[in-house]
Amino acid sequence: MRVGVLTGGGDCPGLNAVIRAVVRRGVTEYGFEFVGFRDGWKGPLEGLTMELGIPQVRGILPRGGTILGSSRTNPIKVEGGIERIKDNMKALGVDALVAIGGEDTLGVATALTEAGVPAVGVPKTIDNDLSATDYTFGFDTAVTVATEAIDRLHTTAESHHRILICEVMGRHAGWIALHSGMAGGANIILIPEVPFDLDQVVEWVESRFRSHYAPIICVAEGALPKDGDLITKDATLDAFGHVKLSGIGEWLAAQIEERTGKEARTTVLGHIQRGGSPTAFDRVLATRFGLNAIAAVKDEAWGTMVALQGTDIVRVPLQAATGTLKTVPTERYEEAMAFFG
Ligand code: F6P
C-alpha cells in the first residue's frame, strides 16, 4: 500500500514524532510506501509532495514544527476541491491518507471519507479541545512553557508591586490557562467558558495586594468580559472562518490600571507555546498515536481516529472528535477558584 501523510492547521510539538512512528512501523512491519504531502490540505489539492521514508524521519523525534509543513487550506471551500484531491491521489498512486490535525483538518478528513477516500486521523492541538481523546499531544508542552513563564512573572510582579498578566492560547477552550495557571500559582485564571466580571477581577487584585503579594493573572486569548465582546487582532478570517485572537491581556491591563491606579502589564506568549521541542509526555503520546494510526491503516479502519482514553490508545469515529469541542467543565474551573484573590 502507498500511504500519503499530511499535517494541517497550526503547528504543534509532537507532529514529527507522529510522522516518524507512522513511517517506521509502516515500512518495517507492513512494507508500506509513503508520500509526504506538503503544507496540509494544500499538498493533496495541488499535488505538492516530498519523499517520505525512513531516511527522512531519522532524528526528527525531538524536533518541533513539522517536516511536511502546514497550512490552513480548506479544500471544501475550493471549487471541486474534493475531486481534485481524489484525482491527485490516483495520479500519484496513493491508496490512503493519514491526516494529522485539529478540528478543521479532521473535519476535512471526515468529508473525504464520506466521499470514499480511505483516511484515518490523528488528533493534534495544543488547545486540548478535541472530544473523544483525553489529551492531544502538544498540550503538555504548551502548559510547561506557560507555567515556566508564569513562574518568572511572579518574581517581577513581587519586586515591582505590579499586576502581571500572562495571555495564553485557547480560542474556545481554556485548558492551557487552567492548567498553567494552576501549576504556576496564578491568582486569577480567566477562560472562554466562563465570562468574567471585571468588578470581581478588580476585587481579587485588591485582595492580593492587601496580603502584600502582587497578583498574577493568567488569561486565555478567547476569554471575554460578561458585558463585552471577544477581543480580536483584526477583522480577517482564515479559510475555516476563524478570527485572529489576542488583545484581551492588554485590554484587561488598561481596565485594571484605570480602576486600581496600580501598574498592570501584559505578556503575550503567542507562538512560543507552540514552538520548540516537545516534552517527554508529548513525544510518547505522539509516538503511540503514530504507531496506532498506521495499524488502523493496515486494518483498513477508514473514517476512524486514534484517541487516548485513560492509558489506552483506542479508535473512535472521526466525527466523534470534531462534533463538539471539549471545553473546561465548571467544576474543574471551580477547583482553580479556591486560589483566586
Ligand atoms: O488551534 C491552535 C491555536 O494555537 C489556537 O490556540 C490559536 O488561536 C490559533 O491556533 C492561532 O493560530 P495562528 O498561528 O494560525 O494564528
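The values are calculated or read from the model by the stated rules, or taken from the named source; none is laboratory data. Predicted model, so just to flag it, every value in this text is computed and none were measured. Note that we place each Cβ from the backbone using ideal geometry, even for glycine, and neighbour counts take in every protein chain shown. Areas reflect the complete protein model, heavy atoms only, side chains present, ligands, DNA and RNA absent. Shrake-Rupley method; radii C 1.70, N 1.55, O 1.52, S 1.80 Å.
A few notes on this one:
- Of note, Asn16 satisfies the criterion of being open to solvent by less than 20 Å² (accessible area, probe 1.4 Å) and more than 21 Å from Gly241 (Cα to Cα).
- Any chance Gly323 is under 27 Å from Val108 (Cα atoms), open to solvent by 60 Å² or more (accessible area, probe 1.4 Å) and in contact (Cβ under 8 Å) with a residue 24 or more places away in the chain: yes
- Where a residue in region 122-134 is assigned by TED's automatic domain parsing to the domain that holds Thr7 and closer than 14 Å to Ala17 by Cβ and its partner, wherever it lies, is of a type in the set (Phe, Trp, Tyr) and buried (at least 24 other Cβ atoms within 10 Å of the Cβ), with Cβ under 7 Å and at least six apart: Val122/Phe289; Lys124/Phe137
- Screening Ala301 with (1) at pLDDT below 95; (2) small (Gly, Ala, Ser); (3) more than 16 Å from the ligand (Cβ to nearest atom) gives one miss only, at (1).
- For Ala223: the one exception among (1) among the small types (Gly, Ala, Ser); (2) touching a His at 6+ places or on another chain (Cβ under 9 Å); (3) surrounded by 16 or more Cβ atoms within 10 Å (Cβ to Cβ): (2)
- Residue in region 47-61 that is touching a strand residue (DSSP E or B) at 6+ places or on another chain (Cβ under 6 Å), closer than 30 Å to Tyr135 by Cβ and aliphatic (A, V, I, L, M) present: yes
Table: residues versus (1) crowded, with 22+ Cβ neighbours inside 10 Å; (2) away from the ligand (no atom under 16 Å from the Cβ).
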residue: Leu106; (1), (2): yes, no
residue: Leu112; (1), (2): yes, yes
residue: Pro118; (1), (2): no, yes
residue: Pro123; (1), (2): yes, no
residue: Thr141; (1), (2): yes, no
residue: Ala149; (1), (2): no, no
residue: Glu158; (1), (2): no, yes
residue: Val168; (1), (2): yes, no
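- Under the condition of being of a type in the set (Phe, Trp, Tyr), closer than 30 Å to Gly310 by Cα and in contact with a Pro (Cβ under 9 Å, 6 or more places away or on another chain), the residues counted in region 228-286 number 0.
- Lone unmet requirement of (1) at pLDDT 95 or above; (2) away from the ligand (no atom under 16 Å from the Cβ) for Thr73: (2)
- Remark: pairs (first residue in region 258-271, charged (D, E, K, R); second residue modelled with pLDDT of 95 or more and open to solvent by 70 Å² or more (accessible area, probe 1.4 Å); Cβ separation under 9 Å; 6+ apart in sequence or on different chains) = Arg259/Asp199; Glu263/Glu257.
- Here Leu68 does not qualify as in contact with a strand residue (DSSP E or B) (Cβ under 6 Å, 6 or more places away or on another chain), open to solvent by less than 30 Å² (accessible area, probe 1.4 Å) and either more than 25 Å from Gly270 (Cβ to Cβ) or among the aromatic types (Phe, Trp, Tyr) (or both).
- Top-ranked residue in region 125-137 [being under 17 Å from Gly323 (Cβ atoms), open to solvent by 20 Å² or more (accessible area, probe 1.4 Å) and at pLDDT 95 or above; ranked as farthest from the ligand (Cβ to nearest atom)]: Asp134
- Whenever a residue of region 238-254 is on the phi < 0 side of the Ramachandran plot and open to solvent by 40 Å² or more (accessible area, probe 1.4 Å), its partners that are within 14 Å of the ligand (Cβ to nearest atom) and of a type in the set (Asp, Glu), lying with C-beta atoms within less than 7 angstrom and at least six residues away or across chains, give the pairs Phe240/Asp104; Lys244/Asp234.
- Boolean, Thr311 is surrounded by fewer than 18 Cβ atoms within 10 Å (Cβ to Cβ), among the hydroxyl-bearing types (Ser, Thr, Tyr) and either at pLDDT below 95 or closer than 25 Å to Val194 by Cβ (or both): no
- Scan of region 241-292 for residues that are among the charged types (D, E, K, R), within 16 Å of the ligand (Cβ to nearest atom) and assigned to a loop (DSSP other than H, G, I, E, B), ordered by number: Arg274
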